């Protein structure tokens, strides 16, 4: 019947006086135009119907997966199926007088079918990825990597199928040829293979998640992970620039993940004040009485000085020379003052490690290190807490007759 419709139009064109040499081409052009127009109209109608139905379905269901299908235009791709099937049915009629052209047209339709299947697969996987992103336990997983791997296999299968269609051979012959060219394939897809393996290891070992703050000095990255895919990890730095890191670098190189700090009860403060060594000395009774006016250490000084005096009396220590027996030092009392100050500071987490320690002497002086944890982990608040603490401590040094080290700024200062 298909051939008869084409033949009827062919005979009609001869009757109206069209040259017999060109009537076949005119017949082909008319039929092809009509068939393509019919397929386009049918495609548009089906799209409108599917769009209306899919939107209604998305609104009526509790799951939001269908919303993502609509957003990724999956119904639009599905609407192409029936027009494509119509072309398969009508093309033999269009090319009834052109056997070779009919063969090429059929191959073109098969290729379009492969492309359509790949498009539907891609859009469906994209919708699935968006849906999985809404699940709390999968939100920070490298879903992009797995979707990309699936699409790589889909594209490989699609390309091989298209080659098989063009060359009139089977897909299995291509797979046999690929076995011989496996070394070349491994070289071409080296980064993808490494990225895929790295993505699996990163996910299984929970090394990095989307949203983690990481520091990767080798690549100049210091910010939040915004995307993990097959080839790269994208990091948005705190200056809003984007750094891309090869995924396999996450397992081959060393980087710092701040997630542990963010999940803990505080953010570490580890900073030193370098005390000038010449300013360190023993405290006299007069010094102790003056320092007792500082309320945070009044009780400590009273109790400690009584214990020291009792010890010195019991052991008949000659205090005419200050170094004899037990004594308080200005740096020791200042260290105690810092600990008490931190214990009374509202921004410090008292349940975590809190100490003030003296580090090994350096050519610059004695480092007095504060080791504590800020209860507020937000960067701007954390920096404010540190500044507030050290503003106070640096201003307190004069009360203990201590000096902070500074590089000499003149020859006169150097002579001191």
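The values are calculated or read from the model by the stated rules, or taken from the named source; none is laboratory data. Since the model is a prediction, treat every value here as computed from it, not as a measurement. Because the Cβ atoms are built from the backbone with ideal geometry, glycine has one as well, and the counts that use them run over all protein chains shown.
Brief remarks on what is shown
- Pair list, Cβ under 6 Å, 6 or more apart: segment 292-307 residue more than 16 Å from residue 331 (Cβ to Cβ), other residue outside any helix (DSSP H, G or I): 298/292
- Among residues of segment 238-258, those that are buried (at least 18 other Cβ atoms within 10 Å of the Cβ), in a strand (DSSP E or B) and either free of Cβ contacts under 8 Å to residues at least 40 places away in the same chain or in contact with a helix residue (DSSP H, G or I) (Cβ under 7 Å, 6 or more places away or on another chain) (or both), counted: 1
- Members of segment 201-218 found to be touching a strand residue (DSSP E or B) at 6+ places or on another chain (Cβ under 8 Å) and crowded, with 16+ Cβ neighbours inside 10 Å, listed by number: 202, 207, 208, 209, 210, 212, 213, 214, 216
- Criterion: part of a strand (DSSP E or B), under 13 Å from the mean Cα position of the chain (by Cα) and under 20 Å from residue 132 (Cβ atoms) - qualifying residue of 235, 226, 202, 208: 226
- Hits in segment 121-153 (condition: surrounded by fewer than 17 Cβ atoms within 10 Å (Cβ to Cβ) and at pLDDT 85 or above): 124
- The set of residues in segment 87-112 being under 25 Å from residue 154 (Cβ atoms) and surrounded by 18 or more Cβ atoms within 10 Å (Cβ to Cβ) consists of 87 alone.
- Scope segment 62-83; condition modelled with pLDDT of 80 or more and surrounded by fewer than 16 Cβ atoms within 10 Å (Cβ to Cβ); matching residues: 71, 81, 82
- Residues that are over 26 Å from residue 123 (Cβ atoms) and not in a helix (DSSP H, G or I) within segment 65-97 comprise 95, 96, 97, listed in sequence order.
- Note on segment 353-368: among residues that are more than 33 Å from the chain's Cα centre (by Cα) and buried (at least 17 other Cβ atoms within 10 Å of the Cβ), the one that is farthest from residue 269 (Cα to Cα) is 365.
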